[in-house]
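One structure below.
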Amino acid sequence: QVRLVESGGGLVQPGGSLRLSCAASGSIFAIYNMGWYRQAPGKQRELVATITSGGSTNYTDSVKGRFTISRDNAKNTVYLQMDRLKPEDTAVYYCNSKLRTSGALRVGVYWGQGTQVTVSS
């Protein structure tokens, strides 16, 4: 069984920074894309950033220049460094990973449980 466990959320003032982490564990054969999504109250879940196994990144326009996604393949961990945070960044942030478990023929999509990020003065 695969688990994605997020950490690092919390309350921060506008202009502040937070770093989210997400560690994948279990019977993992290979991890391909990893990413972060977020869901604000009353809104649909949206893509924030993704990173491939080779390190190529993609960001939604609203976070470009403020957020940085990175990963440590040896630790099966993805990070999201969030700088110059704004109140509109307030949401539950979810980790996402496309991976293949040991013995599996297909790639599956897995989600973490979510971590709350609140940007408020």
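Output the residues belonging to the stretch 41-59 that are surrounded by 14 or more Cβ atoms within 10 Å (Cβ to Cβ) and not in a strand (DSSP E or B). The answer is Arg45, Thr52, Ser53. Every test in (1) in contact (Cβ under 8 Å) with a residue 60 or more places away in the chain; (2) part of a strand (DSSP E or B); (3) closer than 24 Å to Ser121 by Cβ; (4) not charged (D, E, K, R) is passed by Gly16 save one, and that test is (2).
Residue check: is Ser21 touching a Leu at 6+ places or on another chain (Cβ under 7 Å) and of a type in the set (S, T, N, Q)? In short, no.
If you take the residues in the stretch 28-40 that are outside any loop (DSSP other than H, G, I, E, B) and open to solvent by 20 Å² or more (accessible area, probe 1.4 Å), which one is farthest from Leu18 (Cα to Cα)? The extreme case among them is Phe29. Just one residue in the set Val63, Val117, Val78, Val107 is among the β-branched types (Val, Ile, Thr), over 16 Å from Val5 (Cα atoms) and surrounded by 17 or more Cβ atoms within 10 Å (Cβ to Cβ); that residue is Val63. Out of the stretch 1-26, which residues are open to solvent by 40 Å² or more (accessible area, probe 1.4 Å) and under 16 Å from Val109 (Cβ atoms)? Listed by number, the residues that qualify are Gln1, Arg3, Gly26.
The values are calculated or read from the model by the stated rules, or taken from the named source; none is laboratory data. It should be emphasised that the depicted structure is a prediction, and the values quoted were computed from it without experimental measurement. Note that we place each Cβ from the backbone using ideal geometry, even for glycine, and neighbour counts take in every protein chain shown. Heavy atoms of the whole protein, side chains included, go into the accessibility calculation; ligands, DNA and RNA do not. Shrake-Rupley method; radii C 1.70, N 1.55, O 1.52, S 1.80 Å.
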